[in-house]
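The values are calculated or read from the model by the stated rules, or taken from the named source; none is laboratory data. Remember, predicted model here, so these are calculated numbers, not experimental data. Cβ coordinates were reconstructed from backbone atoms using ideal geometry, including for glycine residues, and neighbour counts include every protein chain displayed.
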Amino acid sequence: MQCPFCGQDNDKVVDSRSSEGGKTVRRRRQCIACHRRFTTYERAEEALRLTVIKKDGSRVPYERQKVISGLQKACYKRPVSDEQIRQVVDASEEDIFRNFDRDVPSSFIGDAVASHLRELDKIAYVRFASVYQNFTNLGELIDEAKQAQEMPLPGKKQKALFEPPKPEDT
Ligand SMILES: [Zn+2]
């Protein structure tokens, strides 16, 4: 980033924060040459210009918030923080931008998100995959579901994974 004071292109970022749900990053920079500080605002242009091609062939603009909401639903009552969800989305977007310039099939987004979520929480992954993934590999999903059910969980909660607990007779 070129220094607005001395014109040198040599600076360090001293502070960085995002706003508008990650669309804008505000960076406080310090010029290495003259030591003066300046602020830059960078928009995530890549995220804004990405188009999702849905299974029926229709095209919609990519919305990061939609991916986050889908993940939040899958992670409901799971030990996954908002920060971890954001990291899953960030990692998935990196995959997307590495592989596609402008148009990305919705199935690729689903696969990318699912694979990163899988490393984090198997149960959330199964939930996510059952809703968002086109079952190209149903056997794998069944294996994951089995593994998730076999995971040691405290007490009665295990039954509540796929069916709501029956009301107690009083
Ligand atoms: Zn400078």
Handout entry: Subset tally (residues that are acidic (Asp, Glu) and either out of contact with any helix residue (DSSP H, G or I) (no Cβ under 9 Å at 6 or more places or on another chain) or assigned to a strand (DSSP E or B) (or both)) for the stretch 75-93
Key = 1
Practice task
Test VAL113 against the criterion of being more than 26 Å from ILE53 (Cβ to Cβ) and modelled with pLDDT of 90 or more, and give yes or no.
Solution key: no
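Tally time: how many residues in the stretch 77-112 are surrounded by fewer than 12 Cβ atoms within 10 Å (Cβ to Cβ) and touching a residue at least 24 places away in the same chain (Cβ under 8 Å)?
Quick first cut of the stretch 77-112, residues surrounded by fewer than 12 Cβ atoms within 10 Å (Cβ to Cβ) only: 77, 79, 81-83, 98-99, 101-103.
Then keep just the ones that are touching a residue at least 24 places away in the same chain (Cβ under 8 Å); that gives 79, 102-103.
The total comes to 3.
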Problem - For VAL60: the one exception among (1) loosely packed, with under 12 Cβ neighbours inside 10 Å; (2) assigned to a helix (DSSP H, G or I); (3) aliphatic (A, V, I, L, M) - result: (2)
Handout entry: Test result for ALA74, within 16 Å of the ligand (Cβ to nearest atom), surrounded by 13 or more Cβ atoms within 10 Å (Cβ to Cβ) and either more than 30 Å from LYS122 (Cα to Cα) or modelled with pLDDT of 90 or more (or both)
Key = no
